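Single-structure report; data block below.
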Amino acid sequence: MKKLICFLSLMTAVFAVKAQITSLNKKEVALMRKAINSNDDYKKAFEPYRQAADSALNETPNPIVEILSQGLLAGDPRKTASLKAVEDAYKTYSLALAYTYFGKATYLTKATDFLKAWATTNKATGDPINQTKLEDMVTAYDLLRKKIKPDTRTLVDAWMKSIADTLVNSPYAKSGRGTAINNWNSHRIKMITLIAYTLHDDSYTNIITQELEKQLNVNLNPDGTTHDLLERDAFHYQTYDLEPLLSACIAIYRATGKNCFTYQTANGSSIKKCVDYMTPFMTGEKTHPEFVKSKVPFDLKRAQNNEKGYAPGTLFEPKNGIETFALAAYFDDSYVAIIRKATHNSTYMNWRLAINKVVVDAAGAK
């Protein structure tokens, strides 16, 4: 079988350097500050995070022992409580970003409070869909880790490592289970990858390599469809499958320069092909009624629960593919034009696109 040669050769050296990979390095941070100060589009994209950070300064962390969301219908009190609790991840990232931009100690102190509260209270599980909701917490920690006091850093490191370890050994990844090849596994790989790079822990190197290779081979199809699109008959799940893979690939590229976005499996599949498959549905040339032929009973249960977007036949909305294309634009900025066509906005900018531009500018400033 053709092997995935995305990043083995440089991984160990990168971990030794301990550069910030999951978030932004020093050069990128400097350019981010400059861009926000001089460009209204960047400032507008940053503004929601500033507002969230300022609000969070007056809030108390709301950690939960176990995140319970997947498999539960909207309105279930366990899911409601969990989704409310994991809003802390966005708040923590906003605080970390505000500290990175403004340099005010109050933001760092509060972000540390959130991280410490979660590290003390939350227990890791092997459920990728529940654990993926902490992605912003990981990225926030990457921004702040060097600034946090050693005792707190040890605490948070141990918590995040426990998350990665439970995902490595997740029962949902066992051979023969559908969750070992669908979007669950994509989210599992993403979280292991982001935590490994944040902690600069090279013990996960072979695991990430093997798991990513396997997932690309079984989850992607040569025609640009994914396993999840065919199973659920919904681009909602094509995007939910591709976004974690793209996030993992961005981290790998930042660490090693190896491009897993365009890498083709033995049967000719690639993440790029799966993004490109969505293009006419983003631009409006084609439409897709969602969930009409879904093979998963839970999709119908959500429709019967009147959850928005799950009624069979609901048309895919291009705005729901923006994050997928913004992540892909990290590798190919031609996707920006597709996003702007989908949004009918010739100057559209979200935070992912803003970060992409910062990274490109930093690379060009070498």
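The values are calculated or read from the model by the stated rules, or taken from the named source; none is laboratory data. The shown structure was predicted, so the numbers you read here are calculated from the model rather than taken from an experiment. Don't worry about glycine lacking a Cβ; one is built from the backbone with ideal geometry, like all the others, and counts go over all protein chains shown. The protein model used for the area step is the full one, side chains on, heavy atoms only, and it has no ligands, DNA or RNA in it. Shrake-Rupley method; radii C 1.70, N 1.55, O 1.52, S 1.80 Å.
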Checklist entry - Which of the pairs 34/357; 258/319; 43/273; 258/286; 123/214 have their Cα atoms more than 24 Å apart in this structure? => result 258/319; 43/273; 258/286; 123/214
Checklist entry - Can you give the net charge of the other residues whose Cβ lies under 12 Å from the Cβ of residue 353, counting K and R as +1 and D and E as -1? => result +1
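Which whole-number percent of Cα pairs in the range 127-227 have a distance greater than 20 Å?
40 percent
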Item to check | Estimated distance in nm for a label pair at residue 40 and residue 165, the labels positioned 7 Å out from Cα along Cα-to-Cβ | outcome: 5.2 nm
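When the expected Rg is taken as 2.2 N^0.38 Å, what fraction or multiple of it is the alpha-carbon Rg of the range 253-366?
1.28
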Checklist outcome for this item: With the chain reduced to its Cα atoms and the Debye formula applied, log10 I(q)/I(0) at q = 0.11, 0.12 1/Å amounts to -0.77, -0.94
Next on the checklist: Within the chain, what whole-number % of the accessible surface is contributed by carbon and sulfur, with the 1.4 Å probe and all protein chains included in the calculation?
Outcome noted: 53 percent
Item to check | Ranked packing of 71-83, 199-211, most packed first, by mean Cβ within 10 Å | outcome: 199-211, 71-83
Checklist entry - Across the range 312-327, in residue order, what do the Karplus-derived ³J(HN,Hα) couplings come to in whole Hz, using 6.51 cos²θ - 1.76 cosθ + 1.60 with θ = phi - 60° and x for Gly and Pro? => result x, x, 4, 6, 4, 9, x, 4, 7, x, 4, 5, 4, 6, 5, 5
Next on the checklist: Whole-Hz ³J(HN,Hα) for each residue in the range 239-256, computed from phi via Karplus 6.51 cos²θ - 1.76 cosθ + 1.60 with θ = phi - 60°, x for glycine and proline: what do you get?
Outcome noted: 5, 5, 8, 6, 4, x, 5, 5, 4, 5, 5, 5, 4, 4, 4, 5, 7, 10
Next on the checklist: Which order do the peptides 300-309, 224-233, 185-194, 277-286 come out in when sorted by mean C-beta neighbours inside 10 angstrom, highest first?
Outcome noted: 185-194, 224-233, 277-286, 300-309
Next on the checklist: Output wanted: per-residue J couplings in Hz (rounded whole) for the range 65-76, from phi through Karplus 6.51 cos²θ - 1.76 cosθ + 1.60, θ = phi - 60°, x for Gly and Pro.
Outcome noted: 4, 9, 6, 10, 9, 4, x, 10, 7, 4, x, 5
Checklist entry - Roughly how many Å² of residue 332 are accessible to a 1.4 Å probe, to the nearest 10? => result 40 Å²
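Divide, for the range 170-264, the radius of gyration over alpha carbons by 2.2 N^0.38 Å, where N is the residue count.
So the Cα radius of gyration is 1.04 times the expected 2.2 N^0.38 Å.
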Checklist outcome for this item: dims of the range 196-239, Cα set, principal axes, largest to smallest, nearest Å -> 38, 19, 13
Item to check | Accessible solvent surface per residue of the range 268-324, calculated while the other protein chains remain in place, 1.4 angstrom probe, Å² | outcome: 54 Å²
Next on the checklist: Given the DSSP H assignment, sum -39500 (n - 2.57) over each helix run of at least 4 residues in the chain and divide by its residue total; what's the result at 222 nm in deg cm²/dmol, nearest 500?
Outcome noted: -19000 deg cm²/dmol
